[in-house]
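Values in this text are rule-based calculations from the coordinates and carry no lab data. Keep in mind that what you see is a predicted model, and the values were worked out from it rather than measured. A quick note on method: Cβ atoms are made from the backbone with ideal geometry, for glycine too, and the neighbour counts reach across all protein chains shown.
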Amino acid sequence: MTLSLVDPTTAPSTRRNADGDVRGSDYAALSRRVRQAGLFEPTPGFYIGLSTVLLGLFVAGWTAFALLGDSWYQLLVAAGLAIVGAQIAFLGHDIAHRQVFRSRRAAERAGALGSLLIGLTYGWWQDKHTRHHANPNHLDHDPDVGLGVIAWTPEQAEAHRGLGRFLVRWQAYLFFPLLLLEGIHLHISSARAVITDRGIPHRRLEGFFLAVYALVHVGLPFLVLSPLKAVLFVVVLQGVFGLYLGCSFAPNHKGMPLLQPGEKLDYLRRQVLTARNVYGGRWLDVLFGGLNFQIEHHLFPSVPRARLRQLRPIVKEYCAERGVAYHETGLIASYREALTHLHHVGEQLRVGVKASEGAPAA
């Protein structure tokens, strides 16, 4: 069953958050301020313009591919298509949060098109992302900090074996190179979900779209390009796509406080204390698809992306009034904080290796 990513504050009958807790007065008071400022109002003009530009760039990219033929310049086309694909993913993210369409059915139908354009299953991602929003950085409930290639806690680090243990040991140094594989990982996870999860809405349609995506983005290069150029085209396309998405997601929560099993906070503090904003000009809003306003987005996920910059001072001022730590930093500093945390988690494994290497032979 797919959960809804709609902001509960837009549903008057909803009095509990996604975790089942009654919303406290702190969040309710902030929500009233946001509503009075008119920031929940939709921005159809923004999304019509954005969709038109992205669709135009997508078509332009594949037109350039057709015109260039068997050329090394196709690698630049691949990089460009990857960037456009990541921007389409950001748009799909907004659709999932009902920023574009208030109707769930319309959002699901529009989101399913993402399977055709970027090869990701909307239904699978929506369920995963909803669980993240309900309990960000919670070790029991947030799938984004579960046991995986990257270890977020010393306990997770110790659970790794073999190659995984080596990767965790040096994960701060390997983090960005590993992001080059993130696109492939997302495609594989999407395909697996379509095959195994019968609860995904429009499952058969999304499966068909995934197959078309693979034929175009993998098969077509081998029909037009020499084998070497075709391989490199696919590598660049998927590598840049994964790296771009990963670099956009990394500053959001990595290196921020992790909630331990059984630990609970009220909704306001759960969302604010575990998130990090990245400040910068409007160019950063475009580059990150609005995810640089991570605190505001987590508090009010249905507020349209174009209004998040207006929302920020309201939330920041309110947090100061309530004594809730509101963390924002520059782009480079955000990466430094995330990598410092990863380096610290892997430290115990590095120390163990050094100790064993320095031990006298028996």
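In this structure, residue 176 and residue 29 have a Cβ-Cβ separation that, at R0 = 51 Å, corresponds to a calculated FRET efficiency of about 0.80. Amide H contacts of residue 138: 259, each under 5 Å away and 5 or more positions distant or on a separate chain (H built 1.01 Å from N in the peptide plane; Pro and chain starts excluded). In order along the stretch 301-318, phi translates into HN-Hα couplings of x, 8, 5, x, 3, 5, 9, 5, 5, 6, 6, 3, x, 5, 5, 4, 5, 5 Hz, rounded to whole numbers, per the Karplus curve 6.51 cos²θ - 1.76 cosθ + 1.60 with θ = phi - 60° and x for Gly and Pro.
Sequence-ordered 3J(HN,Hα) estimates for the stretch 72-88 from the Karplus curve with 6.51, -1.76 and 1.60 and θ = phi - 60° stand at 5, 5, 4, 5, 5, 4, 4, 5, x, 5, 5, 5, 4, x, 5, 5, 5 Hz, glycine and proline given as x. Mean sequence separation of contacting Cα pairs (under 8 Å, at least six apart), scaled by the length of the chain, corresponds to a relative contact order of 25 percent. Each peptide in 296-306, 80-90, 325-335 gets a packing score, the mean of other Cβ atoms within 10 Å over its residues, and the list from highest to lowest is 296-306, 80-90, 325-335. A cut-off of 5 Å between modelled amide H atoms, ignoring neighbours fewer than 5 places along the same chain, links residue 328 with 277. When peptides 310-322, 266-278 are ranked by their average number of other Cβ atoms within 10 Å per residue, the highest-first order is 266-278, 310-322. Sorting the segments 55-64, 147-156 by their mean number of nearby beta carbons within 10 angstrom, highest to lowest, gives 147-156, 55-64.
Result for the chain in a Gaussian network model with C-alpha springs under 10 Å: among 29, 172, 134, the largest mean-square fluctuation is at 29. Each 10 Å bin from zero up to the one holding the largest Cα-Cα distance in the stretch 8-352 carries the following percent of pairs: 5, 23, 33, 27, 11, 2, 0.
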